[in-house]
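Right, one structure below, let's go through it.
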Amino acid sequence: MAPDLNGVFLDLDTVSHQGDVDLAPLRATLDALEVHGTTPTTALAARIAAAEVVLTNKCALDAAAFAAAPRLKLVCLAATGHNNVDLTAARARGVAVCNIRGYCTPGVVQHVFMLLLAHAQRLDRYRELVAERAWERAPQFTLLDFPIHELSQRTLGVVGWGELGRAVARVAEAFGMRVLVAERKGAGQEELRPGRAPFERVLAESDYLTLHCPLDPSTRGLIGEAELARMKPSAVLINTSRGAVVDEAALAAALRAGRIAGAGIDVLSQEPPVLLDGKGNPLLEPGIPNLIVTPHVAWAAVESRQRAIDQMAECVAAFRRGARFNRVD
């Protein structure tokens with residue numbers, strides 16, 4: 001093992017809760033590992049000043065951060081997205097950058113169908129009826145207040161045909177659903193790739209629309225007022241990708257107006273949500289019907305988080321061997 005590869009994990013609390021993941025694989029690949037639960041911006045420079053390896057999930061590493069870490073050789077992210085790292089600055093200083101991939105696929109798929117099934121089964125509404133003791137007052141054995149629909153023969157539209165989109169589609173087919181895969185927005189008929197349908201057609205035909213695309217200039221605000229208007233009034237939108245892929249104010253308005261039937265949202269454009277000019281995220285306002293919001297936990301199964309640590313260790317070990325593994329630089 002090459003000498004002098006000391007690491008610092010800047011925000012372990014984003015991956016581990018009360019020690020429920022094992023850091024042994026990481027420790028085995030490094031000569032020393034310093035661990036911080038969180039790292040405020042004011043402490044960043046001091047904590048990375050002597051590090052050869054920086055491990056982080058969400059801490060921002062800009063040009064100033066790289067300048068403050070003259071010994072830095074490797075940044076390893078506990079996430080697939082790498083928009084929090086200035087790759088240009090990393091290249092300029094010869095710092096390798098790695099991410100992790102495919103580590104949370106089972107958990108995300110599970111979460112997508114949890115949201116989807118909760119809407120199909122009207123779970124929240126029936127739980128409310130039971131809590132209100134309506135079942136105990138019922139004149140028959142069951143309650144039929146809210147229509148339940150089978151997933152079989154329904155259409156699932158998938159936006160983003162990477163590992164997650166494909167995995168969700170496989171489960172959808174097991175439920176007997178028809179899967180439509182969206183081509184990129186704005187693509188002409190001659191640009192359609194095999195197995196894909198025009199974006200606008202997918203919007204119009206989907207009973208459930210699930211988003212699995214990265215956030216970049218082409219996908220920011222991808223689902224806005226016009227796109228929501230193309231969807232069926234009975235359709236449900238599921239977003240476990242990135243919050244800013246959806247125009248949140250437009251979605252809140254569409255739900256209030258009944259222009260779509262529901263939404264399951266695991267991600268917001270600002271996380272954690274904060275008040276701006278006295279206003280919070282429009283999807284967290286009270287009284288929005290048929291909306292389920294979860295706090296960015298689709299990825300967060302214990303098994304997924306352990307795979308994240310294990311794969312970060314693989315990245316470090318590969319770097320020590322001189323191999324390129326999950327490099328994004």
Review point. Taking Glu205, is it assigned by TED's automatic domain parsing to the domain that holds Asp266, among the acidic types (Asp, Glu) and over 20 Å from Val246 (Cβ atoms)?
Key: no
Review point. Name the residues in the stretch 241-258 that are in a loop (DSSP other than H, G, I, E, B) and either without any contact (Cβ under 8 Å) to a residue 60 or more places away in the chain or not assigned by TED's automatic domain parsing to the domain that holds Ser152 (or both), would you?
Key: Asp247, Gly258
Exercise for review: Would you point out which residue out of Phe66, Phe113 is in contact (Cβ under 8 Å) with a residue 12 or more places away in the chain, over 20 Å from the mean Cα position of the chain (by Cα) and not in a loop (DSSP other than H, G, I, E, B)?
Suggested key: Phe66
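Is it true that some residue in the stretch 233-240 is buried (at least 16 other Cβ atoms within 10 Å of the Cβ), modelled with pLDDT of 95 or more, more than 19 Å from the chain's Cα centre (by Cα) and not in a helix (DSSP H, G or I)? Give the derivation first.
Let us first name the residues in the stretch 233-240 that are buried (at least 16 other Cβ atoms within 10 Å of the Cβ), namely 235-240.
Those still in the list that are modelled with pLDDT of 95 or more too: 235-240.
The next check asks that each one be more than 19 Å from the chain's Cα centre (by Cα); those that pass are 235.
After this cut, where a residue has to be not in a helix (DSSP H, G or I) as well, the list is 235.
Yes, some residue in the stretch 233-240 is buried (at least 16 other Cβ atoms within 10 Å of the Cβ), modelled with pLDDT of 95 or more, more than 19 Å from the chain's Cα centre (by Cα) and not in a helix (DSSP H, G or I).
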Exercise for review: Select from the stretch 151-182 the residues that are modelled with pLDDT of 95 or more, in a loop (DSSP other than H, G, I, E, B), more than 16 Å from His111 (Cα to Cα) and not aliphatic (A, V, I, L, M) and list them in ascending order.
Suggested key: Ser152, Gln153, Arg154, Gly160, Trp161, Gly176
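Go through the stretch 259-294 and count every residue that is in a loop (DSSP other than H, G, I, E, B) and in contact with an Asp or Glu (Cβ under 8 Å, 6 or more places away or on another chain). Can you show your working first?
Step one: filter the stretch 259-294 for residues in a loop (DSSP other than H, G, I, E, B), giving 259-261, 266-275, 277-278, 280-281, 285-290, 294.
Filter again for in contact with an Asp or Glu (Cβ under 8 Å, 6 or more places away or on another chain), leaving 268-269, 281, 294.
Residues that pass the stated criteria total 4.
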Review point. So which of Val297, Val246, Val302 is farther than 19 Å from Ala118 by Cβ, aliphatic (A, V, I, L, M) and within 18 Å of the chain's Cα centre (by Cα)?
Key: Val302
Revision key, fill the gap. Restricting the stretch 192-232 to residues that are among the hydroxyl-bearing types (Ser, Thr, Tyr) and part of a loop (DSSP other than H, G, I, E, B), the one farthest from the chain's Cα centre (by Cα) turns out to be Ser206
Exercise for review: Taking only the stretch 1-34 into account, find how many residues are under 16 Å from Gln306 (Cβ atoms) and hydrophobic (A, V, I, L, M, F, W, C).
Suggested key: 8
Exercise for review: Go through the stretch 205-230 and count every residue that is in contact with a Gly (Cβ under 9 Å, 6 or more places away or on another chain) and hydrophobic (A, V, I, L, M, F, W, C).
Suggested key: 4
Check your understanding: Limited to the stretch 27-57, what total is found for residues that are touching a Gly at 6+ places or on another chain (Cβ under 9 Å), in a loop (DSSP other than H, G, I, E, B) and closer than 22 Å to Thr88 by Cβ?
Key -> 2
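The values are calculated or read from the model by the stated rules, or taken from the named source; none is laboratory data. Predicted, not measured: the structure shown is a model, and the values here were computed from it. We place every Cβ from the backbone using ideal geometry, glycine too, and count neighbours over all the protein chains shown.
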